[in-house]
Structures are given as structure tokens and as C-alpha cells.
Amino acid sequence: MWHLTLHRWTRDRGEAMKLLEDHLAWMRGQQLAGNIIAAGPTPDRELGIVLFRHMSRQEVDEICRDEPFIAGGYRDYEVVPWEVHHLLGIGGFDIKTITAMTEAETQYEPGDGVR
């Protein structure tokens, strides 16, 4: 399952900016590791949005726990499980293909060697 996470401020955002460099380094590391596909804030900077690759919910939680704003108590996050059927023009564009993708999703877990 893919996951979209929504990150919300729980404390003073100005105070949290002391961790911005750490946050950006963490983000870069997660992107280089292939865990984060896309990320960024809303225009008002009130909400951060992160798209995680196909992995378990447990893996998402383990990764997010180490994010500096979350670890520092400045943010919390909501996880939205997401069945990605289309990405950058690739995917199932008919019912038969989407059904097969959904069935395959339920048969395999991330890390079982099947890609």
C-alpha cells in the first residue's frame, strides 16, 4: 500500500524553524533511500504533505517518528492509505487491469521479494 501523510503543526512554527536544516536533511535522506516520492507544504505552510512509496503502515510510522519536527513535538501526522493506480501516465486505465492490480496488492506484502 502507498501512503500519503498530512503533517500538522502542534506547537509554535517559528520555534520549530530551528530544526529546519535537520528536517531538510532528513527529507533528502528519505528521498535518496527511495522512501519518499514527493513532498512539500501547502502555500500557507500550515500543512506538509508527503507521498511514501509502497510499504507497510508500520514502516511509514517508523520513518515518520524520526522526522525532526515530529520527534521534537512540533508536528503530528495523519496517514492516508492509498491504492495508487496511476502514476506519471503509467497504470491501469481499464477495469480488468485495476482489478488485477488490487488483487495482486492483497497477495503480497512489501519486503517479500516481489516487486
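Data table
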read-out: Those residues of segment 13-24 which are closer than 19 Å to residue 76 by Cβ and either in a strand (DSSP E or B) or open to solvent by 70 Å² or more (accessible area, probe 1.4 Å) (or both), in sequence order; value: 13, 15, 17, 18, 22
read-out: Residue within segment 46-68 that is of a type in the set (A, V, I, L, M), in contact with a Gly (Cβ under 7 Å, 6 or more places away or on another chain), modelled with pLDDT of 95 or more and surrounded by 13 or more Cβ atoms within 10 Å (Cβ to Cβ) present; value: yes
read-out: Scan of segment 35-91 for residues that are touching a residue at least 40 places away in the same chain (Cβ under 8 Å), among the hydrophobic types (A, V, I, L, M, F, W, C) and not in a loop (DSSP other than H, G, I, E, B), ordered by number; value: 47, 49, 50, 51, 52, 60, 64, 69, 70, 79, 80, 82
read-out: Among (1) surrounded by 15 or more Cβ atoms within 10 Å (Cβ to Cβ); (2) in contact with a helix residue (DSSP H, G or I) (Cβ under 9 Å, 6 or more places away or on another chain); (3) under 25 Å from residue 15 (Cα atoms) - the single one residue 27 does not satisfy; value: (2)
read-out: Residue check for residue 10: surrounded by fewer than 17 Cβ atoms within 10 Å (Cβ to Cβ) and modelled with pLDDT of 95 or more; value: yes
read-out: Residues located in segment 69-86, provided they are open to solvent by less than 70 Å² (accessible area, probe 1.4 Å) and at pLDDT below 95; value: 84, 85
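The values are calculated or read from the model by the stated rules, or taken from the named source; none is laboratory data. Because the structure is predicted, anything quoted here is derived from the model rather than measured. Note: ideal-geometry Cβ built from the backbone for every residue, glycine included; neighbour counts use all protein chains shown. For the accessible areas, the whole protein counts, side chains as well, though only heavy atoms, and no ligand, DNA or RNA atoms are used. Shrake-Rupley method; radii C 1.70, N 1.55, O 1.52, S 1.80 Å.
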